[in-house]
Every structure is written in C-alpha cells, then in structure tokens.
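Here the structure comes first, spelled out in structure tokens, and everything after it is commentary.
The values are calculated or read from the model by the stated rules, or taken from the named source; none is laboratory data. Remember, it's a predicted structure, so these values are computed and weren't measured experimentally. A quick note on method: Cβ atoms are made from the backbone with ideal geometry, for glycine too, and the neighbour counts reach across all protein chains shown. All accessible areas refer to the heavy atoms of the entire protein, side chains included, with ligands and DNA or RNA removed. Shrake-Rupley method; radii C 1.70, N 1.55, O 1.52, S 1.80 Å.
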Amino acid sequence: MSLSNDDLIAAATDARANAYNRYSDFAVGAALVDEHGRLYVGCNVENAAYPLGSCAEAGAISAMVQEGGRRIARIAVVGGSGEIGPCTPCGGCRQRIAEFAGDDTVVLAIDDSGAWQEYAIASLLPASFHLP
Ligand code: THU
C-alpha cells in the first residue's frame with residue numbers, strides 16, 4: 001500500500017520528537033518515500049561545535065541511501081510555528097534533495113499548526129548544480 005501525505009507527515013512529526021536541538025531549540029523532522037515506496041525518517045542533530053550539526057533531511061537521505069534507495073519520490077519536513085511558518089528545506093538541503101530527485105519529486109513543508117505547503121523541488125532550487 002502506498003504512503004499518503006498524511007502518513008509521511010505523521011512519520012516526520014514522530015521523528016521530530018527525537019530532534020537533538022539543544023542549541024537552537026528548533027526541532028525538525030523529515031520523512032521521505034523512495035522509488036520502492038519505502039519510508040525513511042530523520043531529525044536534526046546539533047553539536048556543541050555548531051557547524052557540525054546536521055539537518056533532518058540529511059538524516060533521512062542518509063538512511064535511504066544506505067538501504068539502497070536512490071530516488072526521493074516525496075519528502076515531508078515538519079518544523080516551525082507562528083510567524084516562522086512551515087520549515088522549508090535550507091539551501092544545503094535543497095541541494096541534497098536535488099541529488100536524488102526526479103522532475104516529479106514533491107517537497108511538503110509543515111508547521112506546528114499542521115498548515116502545509118507543497119513545492120516541486122525545481123521551484124525550490126531552480127537551475128541546480130548537477131554533474132553528469
Ligand atoms: N534545520 C533542519 O533540520 N532542516 C532545515 O531544512 C532547516 C534547518 C535545523 C538545523 C538546526 O538544527 C535547526 O534547524 C535550526 O537551524
């Protein structure tokens with residue numbers, strides 16, 4: 001059975017609960033479905049040496065790759081509230097997603113209130129850098 005957007009959002013919300021975000025206090029969860037219909041999740045993992053922290057999307061993508069997945073069909077990112085609004089992937093994560101995206105890859109951004117926005121990766125990162 002294929003995973004719905006609600007399934008993906010629920011998985012990202014669960015992953016977000018495990019965020020290690022003691023420095024920013026900003027929790028993010030990500031869940032993606034690959035070309036085989038398999039689900040992977042990640043959360044942000046911060047570090048006292050700030051630049052070493054990793055984003056939720058990076059964790060989910062690593063989990064996919066090490067299980068053999070190579071294509072992100074859809075990815076949901078849960079984070080943000082109030083004025084901040086839904087947490088769209090940071091610039092680096094747009095590039096990470098683009099590496100494993102197809103023309104039809106969808107990015108869902110969801111905030112605390114459950115409000116969400118849907119994007120095509122090409123609209124978040126136009127003219128992206130790729131190698132042959
Ligand atoms: N963060 C993510 O996990 N994903 C994003 O796309 C944006 C930012 C994390 C990184 C850091 O732990 C915290 O959110 C605040 O920037």
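Most simply put, the chain has about 70% antiparallel DSSP beta bridges, counting only bridges with both residues inside it. Solvent-accessible area per residue in segment 1-74 equals 55 Å², computed with a 1.4 angstrom probe and all protein chains kept.
When the accessible area of the chain is computed with all protein chains present and a 1.4 Å probe, what percentage of it is carbon and sulfur?
It is 53 percent, rounded to a whole number.
Build a GNM of the chain with springs between Cα atoms under 10 Å apart, and of Ser54, Ser113, Ser62 the one that fluctuates most is Ser113.
Taking every C-alpha pair closer than 8 Å and separated by at least 6 residues, the mean separation divided by the residue count of segment 2-89 gives a relative contact order of 30 percent.
Stretching Glu118 away from Arg38 to a fully extended chain increases their span by 26.8 nm, per 0.36 nm per residue minus the current alpha-carbon distance.
Sorted on the mean count of surrounding Cβ atoms within 10 Å across their residues, most packed first, peptides 68-81, 24-37 read 68-81, 24-37.
Legend: translational diffusion of segment 10-132 by Stokes-Einstein, Rh = Kirkwood radius over C-alpha pairs, 25 °C, 0.890 mPa s; D = 172 µm²/s. Between Val106, Val41, Val65, the GNM of the chain built on Cα springs shorter than 10 angstrom shows Val65 fluctuating the most.
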